[in-house]
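A.B. asks: Structure below; questions to follow.
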Amino acid sequence: MRLFTLIGIFALVATCFWETQAMATDGLITIKSSFGPQDTMTRLETEVKAKGFTVFAHVDHAAGAAAVGMNLRPTDLLIFGNAKGGTPLMQQAQTIGIDLPLKALVWQDEQGATWLSYNDPAYLAGRHGVGEPAGTAIGAMTAALHAIATKATAP
């Protein structure tokens, strides 16, 4: 548990450095993008693939809304993962499979700002009671997601 506490502290400190660009709420990390929704999603998908993750699905919620005659600001979900990273977590607690593979949401707020949100792996580990043996996998996943999100959102 000490490792997860340290990971949580690291995430909190990192969030403070992003003060005006990011927020973390109940295990959700949200970072403001310097790009529009489409460019942010393109950059996100490029970075996900560059880090060796497999893209499983791309869900355009705004297109789904439009298909039924409803309006929704850009809201685009990318589902991706890597069995080498996720399997050790599921070996500890299979219920974490409900939160895996990983997901990242690119969305536009009412003021036109673009954001990228994803689940904090340490929060997911705590939610499912994943123990200390999976700490290395959680740390690697946290670092990879941070790097991907930063490259997707920063100029």
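The values are calculated or read from the model by the stated rules, or taken from the named source; none is laboratory data. Keep in mind the model is a prediction, meaning the values are calculated, not measured. Here the Cβ positions follow ideal geometry from the backbone for every residue, glycine too, while neighbour counts run over all protein chains shown. Surface areas here come from the heavy atoms of the whole protein model, side chains and all, with no ligands, DNA or RNA. Shrake-Rupley method; radii C 1.70, N 1.55, O 1.52, S 1.80 Å.
A.B. asks: Could you check how many residues of the stretch 111-139 are polar (S, T, N, Q) and part of a loop (DSSP other than H, G, I, E, B)?
C.D. replies: Residues that pass the stated criteria total 1.
A.B. asks: Okay, next question. Can you tell me which of (1) more than 20 Å from ILE148 (Cβ to Cβ); (2) assigned to a loop (DSSP other than H, G, I, E, B) is the one THR95 doesn't meet?
C.D. replies: (2)
A.B. asks: In addition: For the stretch 51-82, which residues satisfy the criterion of being open to solvent by 50 Å² or more (accessible area, probe 1.4 Å), touching a residue at least 12 places away in the same chain (Cβ under 8 Å) and part of a helix (DSSP H, G or I)?
C.D. replies: Scanning the stretch 51-82 gives a single hit, HIS61.
A.B. asks: Looking only at the stretch 16-43, filter to residues that are open to solvent by less than 50 Å² (accessible area, probe 1.4 Å) and either of a type in the set (Lys, Arg) or closer than 21 Å to ALA137 by Cα (or both); which one of those is modelled with the highest pLDDT?
C.D. replies: Applying the filter and picking the extreme gives ILE29.
A.B. asks: How about the stretch 41-79: which of its residues are within 13 Å of ALA104 (Cβ to Cβ) and in contact with a Pro (Cβ under 6 Å, 6 or more places away or on another chain)?
C.D. replies: Hits for the stretch 41-79 are PHE56, ILE79.
A.B. asks: Could you check, for the stretch 57-70, whether at least one of its residues is among the β-branched types (Val, Ile, Thr) and within 14 Å of LEU145 (Cβ to Cβ)?
C.D. replies: Scanning the stretch 57-70, I find no residue that is among the β-branched types (Val, Ile, Thr) and within 14 Å of LEU145 (Cβ to Cβ), so the answer is no.
A.B. asks: Does LYS103 meet the test of being of a type in the set (D, E, K, R), within 18 Å of the chain's Cα centre (by Cα) and open to solvent by 70 Å² or more (accessible area, probe 1.4 Å)?
C.D. replies: So LYS103 fails the test.
A.B. asks: Please find, within the stretch 113-155, the residue that is farthest from ASP60 (Cα to Cα) out of those that are among the small types (Gly, Ala, Ser) and open to solvent by 40 Å² or more (accessible area, probe 1.4 Å).
C.D. replies: So the residue we want is GLY129.
Conditions (1) touching a Gly at 6+ places or on another chain (Cβ under 7 Å); (2) under 17 Å from THR87 (Cβ atoms), marked per residue:
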{"position": "VAL106", "(1), (2)": "no, no"}
{"position": "ASN119", "(1), (2)": "yes, no"}
{"position": "VAL130", "(1), (2)": "no, yes"}
{"position": "PRO133", "(1), (2)": "no, yes"}
{"position": "THR136", "(1), (2)": "no, yes"}
{"position": "GLY139", "(1), (2)": "no, yes"}
{"position": "ALA143", "(1), (2)": "no, no"}
{"position": "LYS151", "(1), (2)": "no, no"}
{"position": "PRO155", "(1), (2)": "no, no"}
